[in-house]
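K.L.:
Have a look at this one.
The values are calculated or read from the model by the stated rules, or taken from the named source; none is laboratory data. Everything numeric here is computed off the predicted structure, so don't read it as measured data. Ideal geometry is used to build each Cβ from the backbone, glycine not excepted, and the neighbour counts take in all protein chains shown.
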Amino acid sequence: MVTPGTVSLPHPLPGAVGLSHLSAYEWEAADGVCGGSPHLHLVCTEAYVVTGGTGAVQTLSPDGYRDIPLRAGSVAWFTPGTVHRMVQGGGLRITVLMQNSGLPEAGDAVFTFPPEVLADPDRYAAAAALPTGAPDAEVADAARRRRDLAVQGYLPLRAALQAGDNGPYREFQRTAARLVADRVPTWRALWRAGALAAAERTGEQLAALEAGDPGYLADATAHDAAPSREGGYGMCGRRDEYAVPGTTLHTTEA
């Protein structure tokens, strides 16, 4: 549990972004499409940098439904409130850049489960959770059930939006906001320790340079990291993670 005011992100990535690598799920869903679990983020913009293979990302937003092709070298990004679903074409491999110090790992992500699940916070939490310490096959089954439930709720949202009715989509956004409202103090602490602190450091450095004092450069150093877990079960696919606070491990407590 993150306690506001105790968060420490000592060596964040540039801009305090989150970072992971994904291989999109190859499981076929009810509509015949292979891929991940549709969901949205409330305060984070997310970017896909495609490093291999082909596929797509399906998005729902106030400007309608889009099916954005993905191939090696392409980049797609989407702002808070955009429902997105990663689609596997063949060997799709993506590096994910996430705004705000990995806030989705602290709960800034809501699956497009059916309305009756979204209406019950306990039922939602149970459906969203994956078993810990379980055999890989058991975790995979749970991740696939979670994906299927998210697709079940997503397809009516997409159909309504394609028909010109954004009411169900907007109601999903409102429900998602209610589900996560109690997490805001934790998110604010992470944002202050990560993205805000990084921006403020830049301001301090600019002021120092303007004053002719480059003394902060004496603290220059380099860092490196390798994935601490490979092939974990993420929302969109198998995920390689980094145990670096603010990357995919979202925090340490001071």
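K.L.:
For segment 1-104, please list each of the strands (runs of 3 or more DSSP E) lying entirely inside it that holds at least 2 residues being loosely packed, with under 15 Cβ neighbours inside 10 Å and not aliphatic (A, V, I, L, M).
P.N.:
In segment 1-104, 46-61, 64-71, 83-98 are the strands (runs of 3 or more DSSP E) which contain 2 or more residues that are loosely packed, with under 15 Cβ neighbours inside 10 Å and not aliphatic (A, V, I, L, M).
K.L.:
Pick from A218, A176, A195, A160: which is without any contact (Cβ under 8 Å) to a residue 12 or more places away in the chain, on the phi < 0 side of the Ramachandran plot, crowded, with 16+ Cβ neighbours inside 10 Å and assigned to a helix (DSSP H, G or I)?
P.N.:
Details: A218 fails: crowded, with 16+ Cβ neighbours inside 10 Å; A176 fails: without any contact (Cβ under 8 Å) to a residue 12 or more places away in the chain; A195 fails: without any contact (Cβ under 8 Å) to a residue 12 or more places away in the chain.
None of the other options fit; the residue is A160.
K.L.:
For segment 130-149, how many residues are crowded, with 16+ Cβ neighbours inside 10 Å and closer than 23 Å to L42 by Cα?
P.N.:
5
K.L.:
Quickly run through segment 225-241 and pick out the residues that are at pLDDT below 90 and either closer than 8 Å to L22 by Cα or out of contact with any Gly (no Cβ under 9 Å at 6 or more places or on another chain) (or both). I'd like the intermediate steps shown before the answer.
P.N.:
Filtering segment 225-241 for residues at pLDDT below 90 gives 225-231, 241.
Hits for segment 225-241 are A225, A226, P227, S228, R229, E230, G231.
K.L.:
Quick check on segment 80-96: of everything there that is of a type outside the set (D, E, K, R) and either touching a His at 6+ places or on another chain (Cβ under 9 Å) or modelled with pLDDT under 95 (or both), which residue is nearest to L157 (Cα to Cα)? Before the answer, list the steps.
P.N.:
At the first step, the residues of segment 80-96 found to be of a type outside the set (D, E, K, R) are 80-84, 86-92, 94-96.
Subset that is either touching a His at 6+ places or on another chain (Cβ under 9 Å) or modelled with pLDDT under 95 (or both): 80-84, 94-96.
Working: P80: 17, G81: 13, T82: 12, V83: 10, H84: 12, I94: 26, T95: 27, V96: 25 Å.
The extreme case among them is V83.
K.L.:
Quick one: would you say Q152 is of a type in the set (S, T, N, Q) and either touching a Cys at 6+ places or on another chain (Cβ under 7 Å) or surrounded by 12 or more Cβ atoms within 10 Å (Cβ to Cβ) (or both)?
P.N.:
Judged against the criteria, Q152 is a match.
K.L.:
Among the residues of segment 113-141, how many are aliphatic (A, V, I, L, M) and touching a residue at least 24 places away in the same chain (Cβ under 8 Å)?
P.N.:
Kept after step one, since they are aliphatic (A, V, I, L, M), are these residues of segment 113-141: 117-119, 125-130, 134, 137, 139-140.
Right, trim to touching a residue at least 24 places away in the same chain (Cβ under 8 Å) and you get 117-119, 130, 139-140.
Qualifying residue count for the region: 6.
K.L.:
Please work out which one of (1) within 30 Å of L92 (Cβ to Cβ); (2) touching a residue at least 12 places away in the same chain (Cβ under 8 Å); (3) assigned to a helix (DSSP H, G or I); (4) not hydrophobic (A, V, I, L, M, F, W, C) is the condition R238 fails and give its number.
P.N.:
Of (1) within 30 Å of L92 (Cβ to Cβ); (2) touching a residue at least 12 places away in the same chain (Cβ under 8 Å); (3) assigned to a helix (DSSP H, G or I); (4) not hydrophobic (A, V, I, L, M, F, W, C), only one is false for R238: (3).
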